[in-house]
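Heads up: the structure comes next, in structure tokens.
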Amino acid sequence: MKQIRKIMLVFVILAIVLSSFVACTNTEPTVTTGTTGTQGTTATPTTTLPPEPTEIQFFIYDMRGVGANAKAITDKVNEITKASINVTAEFSWLGAADYVTQLGLVFSSNEAYDLCTIMPREGANFTTLSANGQLYDITEILAEYGPEMKELVGKYIDAYTVNGKVLGVPTYRNYSSSVYVIMRKDILEQIGMLDKAKNMTTFTGLEEILEAVKTKTNLSGLCGTKNISYMAGIVNGSDKFAESTLFDTLSDVLNVSFVDDSGKISLLPENAAFKYQMDMVRRWYNKGYIYQDSMVTEDHPDTLIKAGVSFAEIQTSEIGVETAKSSATGFPMTAVEIAKNLLASGFVNKFGTGVPITADEPEAAVMWLQELYTNPVLENLMVWGIEGEDYVVTDGVAEYPAGVDPKNVKFHSVDFVYGNYFNALPWKGTSKDFRQVAMQTLKAAPISKYLGFSPNMKDLTNLIAALTAVNDQHRAKIYVGAYTDADYAAYIAALKAAGVEQYLAALQTQLDAWVAANK
């Protein structure tokens, strides 16, 4: 693929000559919704294939621990993409505990990876990677090697664009989301509180359930990964779910900014509603409702619930959350909505794929990525595995084969991290038209007035590093409720000493300029 620029130039010239003699029409790509199983057609390549097979290296986030069993998936994927675009992929699967650290080593050692997952952890999120100059500018490459993919994601590409440069592609999914408290249904039935949970509208009601779980089971009530209740974009300054405050995070992955309806940015830990929420979590912690290792664990809450450690989690998710969480944990789950999120850039760029600056094969990488976004066969391989082994299709809906369950399936990932969510088969527990319903939900979502704003933090990398260090030292104990008043004050003081006011001022300046330019 390293010869591809020269080869493509020749073909471009030929195309110009031929266009003088031949009139042709372009057919718009049809985006499938994944209702026909893996019976799809291989997408016709829109660019000239490389003359020799090209292998790309994909540094990929392994949310469900499937990497150990992924060779068969890799072989199937490569069989398809070699035939369609003459490009294959080698995957390096890394779980939550290792992904950020190892990705940092990729950049520091200049390892040649051609794609990497962008995900919402410091060190691997879009804001940090773009600020550090670690993502390849794919603006021109995308136009030439990924035009169908670019057209597919449409306006949402703006969430991965800084100063006119496209630095990645968002996973095409339902960006409309809500914050839920998600609980084991079998435990609710055991303690006689299933109906109470389903009709819950206050945190007082949740506390009553957590108290019953504590006294009647051996499970912890709530668990989290260094965080129990704070979900970006919502603060709960009242006992009532309906009185939650919504705001645009402005892609602030440090979680230190709050923007009000007038566009004024302030320090989140000094926000009264946020402090109310943290004090509520502290009350839960002191009452013994919180999984004690939440302050240090790197395990996802789904993993902890699956391991029989905890009863519930508070998470941001989309419609179909009960089905997704039941599949992930191996237990039937009941979800109760706390509040709906605003559709903002921070939700769009939460998961996606970028081309690392160390890439050897950026063109081939974008060409391969377009195949993933436009071919439902590839999407289903990457999320559900091999049909007949990891899943079967019944009336347009995927489910485990006989004798297979979440605990013994070889490969079963998630549908919102890679590629095109709308091309994945619905999973059992949802209807066969679930993806179409999800699309309608996306179209009807409440939209932030700042959708499309992505801050340029390239000149603030040292400041971000200093603030990240403060978060690493202080934030976990705040977010899981294991803090004193002195700890909370020390956190704010440390943020200010590290320059948080300069950081917020930079955000404010950029937001004001963006608003002025987009009136």
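The values are calculated or read from the model by the stated rules, or taken from the named source; none is laboratory data. Here the structure is a predicted model, which means the values were calculated and not measured. Cβ placement follows ideal geometry from the backbone for every residue including glycine, while neighbour counts extend to all protein chains displayed.
Tabulated data
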| read-out | value |
| --- | --- |
| Test result for Val259, β-branched (Val, Ile, Thr) and under 24 Å from Trp514 (Cβ atoms) | yes |
| Given (1) modelled with pLDDT of 95 or more; (2) hydroxyl-bearing (Ser, Thr, Tyr); (3) under 30 Å from Glu140 (Cα atoms), index of the condition Ser220 fails | (3) |
| Number of positions in region 286-302 that are more than 16 Å from His474 (Cα to Cα) and within 28 Å of the chain's Cα centre (by Cα) | 9 |
| Selection from region 330-366 of residues that are farther than 22 Å from Ile85 by Cβ, surrounded by fewer than 24 Cβ atoms within 10 Å (Cβ to Cβ) and among the charged types (D, E, K, R) | Glu337, Lys340 |
| Segments classed as helices (runs of 4 or more DSSP H), wholly inside region 327-426, with at least 1 members that are at pLDDT below 95, farther than 28 Å from Ser454 by Cα and not assigned by TED's automatic domain parsing to the domain that holds Val235 | none |
| Complete set of residues in region 291-312 that are touching a Gly at 6+ places or on another chain (Cβ under 6 Å) and either closer than 18 Å to Thr484 by Cα or without any contact (Cβ under 8 Å) to a residue 12 or more places away in the chain (or both) | Ser294 |
| Test: residue in region 289-310 that is of a type in the set (Lys, Arg) and within 23 Å of Ala489 (Cβ to Cβ) | no |
| Positions within region 305-325 being of a type outside the set (Val, Ile, Thr) and either assigned by TED's automatic domain parsing to the domain that holds Arg64 or assigned to a helix (DSSP H, G or I) (or both), in sequence order | Lys306, Glu322, Ala324, Lys325 |
| Selection count, region 408-451, where residues are touching a residue at least 24 places away in the same chain (Cβ under 8 Å), under 18 Å from Leu342 (Cα atoms) and charged (D, E, K, R) | 1 |
| Residues located in region 380-420, provided they are under 17 Å from the mean Cα position of the chain (by Cα) and farther than 23 Å from Thr329 by Cβ | Gly419, Asn420 |
| Failed item, numbered, when Tyr160 is tested on (1) in contact with a strand residue (DSSP E or B) (Cβ under 8 Å, 6 or more places away or on another chain); (2) assigned by TED's automatic domain parsing to the domain that holds Val259 | (2) |
| Tally of residues being charged (D, E, K, R) and either surrounded by 22 or more Cβ atoms within 10 Å (Cβ to Cβ) or within 19 Å of Lys306 (Cβ to Cβ) (or both) across region 60-82 | 2 |
| Pair list, Cβ under 8 Å, 6 or more apart: region 483-502 residue in the same structural domain as Gln473 (by TED's automatic domain parsing) and surrounded by 13 or more Cβ atoms within 10 Å (Cβ to Cβ), other residue part of a loop (DSSP other than H, G, I, E, B) and among the polar types (S, T, N, Q) | none |
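Listed here are the residues, each with its yes/no results for (1) closer than 21 Å to Leu103 by Cβ; (2) at pLDDT 90 or above; (3) not assigned by TED's automatic domain parsing to the domain that holds Ala359.
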residue: Thr32; (1), (2), (3): no, no, no
residue: Thr36; (1), (2), (3): no, no, no
residue: Pro45; (1), (2), (3): no, no, no
residue: Leu49; (1), (2), (3): no, no, no
residue: Pro53; (1), (2), (3): no, no, no
residue: Tyr61; (1), (2), (3): yes, yes, no
residue: Glu79; (1), (2), (3): no, yes, no
residue: Ile85; (1), (2), (3): no, yes, no
